[in-house]
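Colleague: Take this structure, written in structure tokens, and hold onto it; I'll ask about it next.
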Amino acid sequence: MTERVPVNPGAVEWSGDNPGIYLKTDPAGGYVTLALFFRVVLSPHGRGTAMLVLGAPETALGWPQAPNLMITDNQALARYLIDDFVVNMPTFRGKVGLQAATFLPLTDARVSGDVRTRHVETVRSGELVAEMDWGDLGPPFAVEVDAAQSATGTHQMYSVFLEARAASVRLDGVPLAGRLAERQLFGRTISTAFLAFSETWVRPAA
Amino acid sequence: MPIGIPVNAGRIDWTGENPGILLKEREDGPWSALALFFRIAWSPHGRGEAMMIYERPDLASGPPAAANAVITDNEPMARYLMREFVARFGVFGEVPAFAAMPVLPLRASATSGDPRGGRYVESVSSDTISVELVWEDLGRPTAIELPPALSGTGAHTMFSLLVEARRASILVNGRRLPGTPVPREQAGIRTTTAFLYFAETWISG
């Protein structure tokens, strides 16, 4: 275990909540649905909310031709999150649906459920309603990973994770394809649906 | 580099945001007004918001004598925070007002500004009290990890993201309370008594 110091000398990139749901139809195959939610409280582009849904991650088309979309109230922030973070995450790397995702303006956002058992993030863009729904939640645990361990490979990351044993992603009430799978994360076998609160990404000091 | 093992073995008590403002009219004088705000994403009592406002820290009375009160949308959570945390946060738990604060239902809340800009504001209202906390002249965001010996309770490991404010004010029903932030030191950082704390997690054990 390396030495712990109270003050991280690195540069904070962004901070907020960043839960996700990744679904497969074949446990041995690739993901057929990928979704991330961002509630960012601090970033170089200000605060904001964004929901990224790739219902066809291997298809280079955006909404409405394919269910690939990003609903946000801060487009500059959402572009920064995709270009500097999401594209580098192993789960999203090479997914042509990511760059094809259509950006839509967020007209409403709300959170519901009791976070001890179920948590739902709902966003609207006009008539379109997108929902991410986590259930059967486990206890929270804190993680802090170094650059070599983090999803981008270049940042330190602090977060509080809760594993969800049930989850769905819905567009206009219709669930997108796939079921939860399992993956190795932080040395544990956990499901591919998670809440991630109080997440801070730090660029390490040189 | 503060990173050790990826998963902390301790128990999460709560996680969320916890900005605050402590004001004095002169640096060597008593506290003239205090405020602490919680936006909780997870706790044993669920999520919610709570504003602890101390208009008169020296007075062991709540409204109408003074706006010493807790305004919240989750009373069990607010009582848990008061009992287990605020009571142990130095002056917040030591002043006469602490024991006299009624818990009032939150009717509205709002956030405005940008913590990487010049100004950030949290506003909370009950039926009779509206509180506005304003942080200005904001500093560089800094990720901190405090061991129990340095944390507010003395018993928890605490992760947070600190943004200090060199100017701040507390308004109650539109009236600015007396005082200004004063210098303080935390974990070797020279900072002030007006702070934004985001992504804050308290861990037992």
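Colleague: For segment B:130-161, which residues satisfy the criterion of being under 16 Å from the mean Cα position of the chain (by Cα) and within 21 Å of B:GLY93 (Cβ to Cβ)?
Modeller: B:VAL131, B:LEU133, B:SER151, B:GLY152, B:THR153, B:MET158, B:SER160
Colleague: Name the residue that is surrounded by the fewest Cβ atoms within 10 Å (Cβ to Cβ), counting only residues in segment B:41-60 that are more than 9 Å from chain A (Cβ to nearest Cβ), in a strand (DSSP E or B) and not acidic (Asp, Glu). First the steps, then the outcome.
Modeller: Of the residues in segment B:41-60, the ones more than 9 Å from chain A (Cβ to nearest Cβ) are B:48-60.
Filter once more, so that each one left must be in a strand (DSSP E or B): B:48-54.
From the residues that got through so far, the ones that are not acidic (Asp, Glu) too are B:48, B:50-54.
Values: B:GLY48: 21, B:ALA50: 27, B:MET51: 25, B:MET52: 26, B:ILE53: 28, B:TYR54: 29.
Result: B:GLY48.
Colleague: Limited to segment A:175-202, what total is found for residues that are modelled with pLDDT under 95 and within 13 Å of another protein chain (Cβ to nearest Cβ)?
Modeller: Selection size over segment A:175-202: 7.
Colleague: Of the conditions (1) surrounded by fewer than 22 Cβ atoms within 10 Å (Cβ to Cβ); (2) assigned to a strand (DSSP E or B); (3) more than 12 Å from every other protein chain (Cβ to nearest Cβ); (4) under 17 Å from the mean Cα position of the chain (by Cα), A:VAL129 satisfies every one except a single condition; which number is it?
Modeller: (4)
Colleague: Is it true that B:SER32 is polar (S, T, N, Q), over 14 Å from the mean Cα position of the chain (by Cα) and within 13 Å of chain A (Cβ to nearest Cβ)? Let's see the steps before the verdict.
Modeller: Values: polar (S, T, N, Q): yes; over 14 Å from the mean Cα position of the chain (by Cα): yes; within 13 Å of chain A (Cβ to nearest Cβ): no.
No; evaluated as a whole, the condition is false for this residue.
Colleague: At least 3 residues that are crowded, with 20+ Cβ neighbours inside 10 Å and touching a strand residue (DSSP E or B) at 6+ places or on another chain (Cβ under 6 Å) in each: list the strands (runs of 3 or more DSSP E) lying fully within segment B:92-131 that qualify.
Modeller: Numbers: elements: B:103-105, B:108-113, B:119-125.
The qualifying strands (runs of 3 or more DSSP E) are B:119-125.
Colleague: Same structure, new question: Pull up segment A:3-47, narrow it to residues that are among the small types (Gly, Ala, Ser) and closer than 17 Å to B:LEU196 by Cα, then point me to the one that is surrounded by the most Cβ atoms within 10 Å (Cβ to Cβ). It would help to see each step written out before you state the result.
Modeller: Applying the first criterion (among the small types (Gly, Ala, Ser)) to segment A:3-47 yields A:10-11, A:15-16, A:20, A:28-30, A:35, A:43, A:46.
With the extra rule that they be closer than 17 Å to B:LEU196 by Cα, the set shrinks to A:11, A:15-16, A:43, A:46.
Numbers: A:ALA11: 16, A:SER15: 26, A:GLY16: 28, A:SER43: 24, A:GLY46: 16.
Going through the qualifying residues, I end up with A:GLY16.
Colleague: Kindly indicate whether A:ALA109 is away from chain B (no Cβ under 14 Å), of a type outside the set (D, E, K, R) and in a strand (DSSP E or B). Write out each step before concluding.
Modeller: Numbers: away from chain B (no Cβ under 14 Å): no; of a type outside the set (D, E, K, R): yes; in a strand (DSSP E or B): yes.
Against the criterion (away from chain B (no Cβ under 14 Å), of a type outside the set (D, E, K, R) and in a strand (DSSP E or B)), A:ALA109 does not qualify.
Colleague: Which one of these does B:ALA87 not meet: (1) in contact (Cβ under 8 Å) with a residue 24 or more places away in the chain; (2) part of a helix (DSSP H, G or I); (3) surrounded by fewer than 23 Cβ atoms within 10 Å (Cβ to Cβ)?
Modeller: (1)
Colleague: Among the residues of segment A:78-97, are any on the phi < 0 side of the Ramachandran plot, in a strand (DSSP E or B) and out of contact with any Pro (no Cβ under 7 Å at 6 or more places or on another chain)? If you could, list the steps in order and put the result at the bottom.
Modeller: In the first step, residues of segment A:78-97 are kept if they are on the phi < 0 side of the Ramachandran plot; the result is A:78-93, A:95-97.
Still in the running and in a strand (DSSP E or B): none.
Within segment A:78-97, none of the residues are on the phi < 0 side of the Ramachandran plot, in a strand (DSSP E or B) and out of contact with any Pro (no Cβ under 7 Å at 6 or more places or on another chain).
Colleague: Let me ask something else about it. Against the definition (within 9 Å of chain B (Cβ to nearest Cβ) and either modelled with pLDDT of 95 or more or surrounded by fewer than 20 Cβ atoms within 10 Å (Cβ to Cβ) (or both)), how does A:ASP172 come out, yes or no?
Modeller: Numbers: within 9 Å of chain B (Cβ to nearest Cβ): no; either modelled with pLDDT of 95 or more or surrounded by fewer than 20 Cβ atoms within 10 Å (Cβ to Cβ) (or both): yes.
Spelling it out, it is not the case that A:ASP172 is within 9 Å of chain B (Cβ to nearest Cβ) and either modelled with pLDDT of 95 or more or surrounded by fewer than 20 Cβ atoms within 10 Å (Cβ to Cβ) (or both).
Colleague: What are the residues in segment B:61-78 that are over 23 Å from B:VAL134 (Cα atoms) and either surrounded by 24 or more Cβ atoms within 10 Å (Cβ to Cβ) or of a type in the set (S, T, N, Q) (or both), if any? Spell out how you get there, then give the answer.
Modeller: Going residue by residue through segment B:61-78, those that are over 23 Å from B:VAL134 (Cα atoms) are B:61, B:64-65, B:74-77.
Across segment B:61-78, the qualifying residues are B:SER61, B:ASN74.
Colleague: Among the residues of segment B:157-196, write down those that are closer than 24 Å to B:SER126 by Cα and hydroxyl-bearing (Ser, Thr, Tyr). Walk me through how you get there before you give the answer.
Modeller: Step one: list which residues in segment B:157-196 are closer than 24 Å to B:SER126 by Cα, which gives B:168-179, B:194-196.
Scanning segment B:157-196 gives a single hit, B:SER169.
Colleague: Hey, does segment B:29-48 have a residue that's closer than 21 Å to B:GLU164 by Cβ, out of contact with any Cys (no Cβ under 6 Å at 6 or more places or on another chain) and modelled with pLDDT under 95?
Modeller: no
Colleague: Same structure, new question: Please tell me if B:LEU34 is over 30 Å from A:HIS119 (Cβ atoms), assigned to a strand (DSSP E or B) and of a type outside the set (D, E, K, R). Before you say what the answer is, go through the steps one by one.
Modeller: Working: over 30 Å from A:HIS119 (Cβ atoms): yes; assigned to a strand (DSSP E or B): yes; of a type outside the set (D, E, K, R): yes.
Answer is yes for this residue.
Each row is one residue, and each column tells you yes or no for (1) without any contact (Cβ under 8 Å) to a residue 40 or more places away in the chain; (2) of a type outside the set (A, V, I, L, M, F, W, C).
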| residue | (1), (2) |
| --- | --- |
| A:ARG47 | yes, yes |
| A:MET51 | no, no |
| A:LEU54 | no, no |
| A:THR59 | no, yes |
| A:GLY62 | no, yes |
| A:ALA78 | no, no |
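The values are calculated or read from the model by the stated rules, or taken from the named source; none is laboratory data. In this text, all values refer to a predicted model and were calculated from it rather than measured experimentally. Note that each Cβ is placed from the backbone with ideal geometry, even for glycine, and that neighbours are counted across all protein chains shown.
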